[in-house]
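The values are calculated or read from the model by the stated rules, or taken from the named source; none is laboratory data. Just so it is clear, the structure is predicted and the values come from calculations on it, not from any experiment. Cβ placement follows ideal geometry from the backbone for every residue including glycine, while neighbour counts extend to all protein chains displayed. Calculation scope for accessible area: heavy atoms of the full protein, side chains included, ligands and nucleic acids excluded. Shrake-Rupley method; radii C 1.70, N 1.55, O 1.52, S 1.80 Å.
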Amino acid sequence: MNDPEQQWSSWRSREILIREAGDTAPIPLEIRGVFNAQLDAYVVQRTETTQEAGYGSTLWGKTRQRFVLPSDFNSLRLFRHGGKATFTGVGGWKVRRLADEEVELVEGEMSGEGPWVLRMADGAKKRLRITWNKGQYAGALTHFSPAFGAGKELSAPNHTHETISVSGPGYLLLNAQHWSLTTD
């Protein structure tokens with residue numbers, strides 16, 4: 001089970017410090033949204049004197065998404081929008097830091113929906129054959145490793161089927177409504 005400081009929740013917009021000083025690895029996170037509301041999540045690097053925002057994702061409703069806090073960011077900013085002008089949704093959002101064993105290793109045949117995170121084993125080299133959105137439109141694959149800082153985009157724009165070689169360790173963020181992959 002995760003320690004209390006490895007999970008956060010709130011009913012409001014908020015920024016949470018995820019990375020402690022000295023922690024340099026990418027961090028996999030799971031975010032659960034709010035029923036009948038939109039939740040925007042952005043990675044942020046905050047110091048005493050500066051603030052830099054990075055990539056983000058949007059959740060609608062009580063869906064779950066997996067996300068990666070890159071090596072060179074330390075916080076996650078969540079902004080809650082109401083569903084309608086007079087209604088701001090029901091319940092609160094939750095963010096949870098995932099342990100390595102909770103993130104699936106890339107192997108065999110796999111498929112999923114929404115932004116999702118998979119793990120590459122140390123020293124592993126994989127050839128991924130990916131179909132994005134059932135072949136209808138492109139998706140994106142980003143590899144997060146301590147060596148890449150903010151992540152390295154590996155997918156080609158406008159490709160609905162592609163073969164990508166990836167060397168571990170690290171995390172892969174597959175960003176598409178639906179994806180399927182096969183490894184060697």
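Considering each residue of region 115-137 in turn, at least one proves to be in a loop (DSSP other than H, G, I, E, B) and touching a residue at least 60 places away in the same chain (Cβ under 8 Å).
Which residues, taken from region 114-161, are surrounded by fewer than 14 Cβ atoms within 10 Å (Cβ to Cβ) and touching a helix residue (DSSP H, G or I) at 6+ places or on another chain (Cβ under 7 Å)? Listed by number, the list holds a single entry, 161. Within region 138-163, being assigned to a strand (DSSP E or B) and more than 29 Å from residue 74 (Cβ to Cβ) holds for 161, 162, 163.
Of a type in the set (Gly, Ala, Ser), open to solvent by less than 60 Å² (accessible area, probe 1.4 Å) and within 25 Å of residue 105 (Cα to Cα): is that true of residue 10 in this structure? Criteria not met by residue 10. Within region 30-58, being in a loop (DSSP other than H, G, I, E, B) and in contact with a Gly (Cβ under 8 Å, 6 or more places away or on another chain) holds for 33, 34, 36.
Regarding region 66-73, can at least one residue be identified that is hydrophobic (A, V, I, L, M, F, W, C), in contact (Cβ under 8 Å) with a residue 60 or more places away in the chain, farther than 20 Å from residue 176 by Cα and open to solvent by 30 Å² or more (accessible area, probe 1.4 Å)? No, region 66-73 contains no residue that is hydrophobic (A, V, I, L, M, F, W, C), in contact (Cβ under 8 Å) with a residue 60 or more places away in the chain, farther than 20 Å from residue 176 by Cα and open to solvent by 30 Å² or more (accessible area, probe 1.4 Å). Residues in region 80-89: is at least one closer than 24 Å to residue 170 by Cβ, surrounded by fewer than 17 Cβ atoms within 10 Å (Cβ to Cβ) and at pLDDT below 90? Scanning region 80-89, I find no residue that is closer than 24 Å to residue 170 by Cβ, surrounded by fewer than 17 Cβ atoms within 10 Å (Cβ to Cβ) and at pLDDT below 90, so the answer is no.
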